[in-house]
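**Q** Here's a structure for you.
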């Protein structure tokens, strides 16, 4: 802090604490006119809310301070990831607190991730056609685990395809209140298609995936392949 002395008026001083202590000391010699000072309390910005399914970083809310946000896996940040406390007669943030939302579809390339129905953990909306694609390097598949699953039976469903949505083969179609068993998709690209009609709405699904190296051929098949090659002397059948 400052220790003013002499006849020069000190510059404006701002403090970041809610406590301020002033100490005035004189000796036994010359006496001066002293000082006259005024103070005004500076309010901080109100504490921003932490988004549901999100994380807030930053514990100071004074002018110029910045608070940042990010979302948990499976959610997308809607709004500004950074907000700044602005000066003025009323302390305010330059942007509203953002939201973390589960979106309808997306592209994922990380080795592990989360797929959520739109609006999760709330009910999904009506009239949806959502497509998610998980694409990993060639040679990898994904292990899928269903943590939650609840849709209107038959009419609302999640279809999983090995490959692209257009040309991939259907692995399974899931619908109703039963949480599916975990399984392994062997293709490096897996597509998810979710459809909801215009009647009942349910909580939907929460799926996690983890990339795994593809399974190698069993040794018995390798030996059989070598035996066939010798038997037919490399000729094509």
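The values are calculated or read from the model by the stated rules, or taken from the named source; none is laboratory data. All values reported here derive from a predicted model rather than from experimental measurement. When we count neighbours, we look across all protein chains shown, and the Cβ atoms used for this are built from the backbone with ideal geometry, even at glycine.
Per-residue answers, yes or no, for (1) within 27 Å of residue 189 (Cα to Cα); (2) in contact with a helix residue (DSSP H, G or I) (Cβ under 7 Å, 6 or more places away or on another chain); (3) not assigned by TED's automatic domain parsing to the domain that holds residue 163:
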position: 61; (1), (2), (3): no, no, yes
position: 97; (1), (2), (3): no, no, yes
position: 111; (1), (2), (3): yes, no, no
position: 118; (1), (2), (3): yes, no, no
position: 122; (1), (2), (3): no, no, no
position: 128; (1), (2), (3): yes, no, no
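**Q** In the range 67-80, which residue that is surrounded by 14 or more Cβ atoms within 10 Å (Cβ to Cβ) and more than 10 Å from the chain's Cα centre (by Cα) is nearest to residue 192 (Cα to Cα)?
**A** 79
**Q** Test residue 127 against the criterion of being surrounded by 19 or more Cβ atoms within 10 Å (Cβ to Cβ), farther than 21 Å from residue 75 by Cβ and at pLDDT 95 or above, and give yes or no.
**A** Values: surrounded by 19 or more Cβ atoms within 10 Å (Cβ to Cβ): no; farther than 21 Å from residue 75 by Cβ: yes; at pLDDT 95 or above: yes.
Judged against the criteria, residue 127 is not a match.
**Q** How many residues are over 30 Å from residue 115 (Cβ atoms) and surrounded by 13 or more Cβ atoms within 10 Å (Cβ to Cβ) if we restrict to the range 45-57?
**A** Residues of the range 45-57 over 30 Å from residue 115 (Cβ atoms): 45-47.
Now drop any that are not surrounded by 13 or more Cβ atoms within 10 Å (Cβ to Cβ), which leaves 45.
Residues meeting the conditions: 1.
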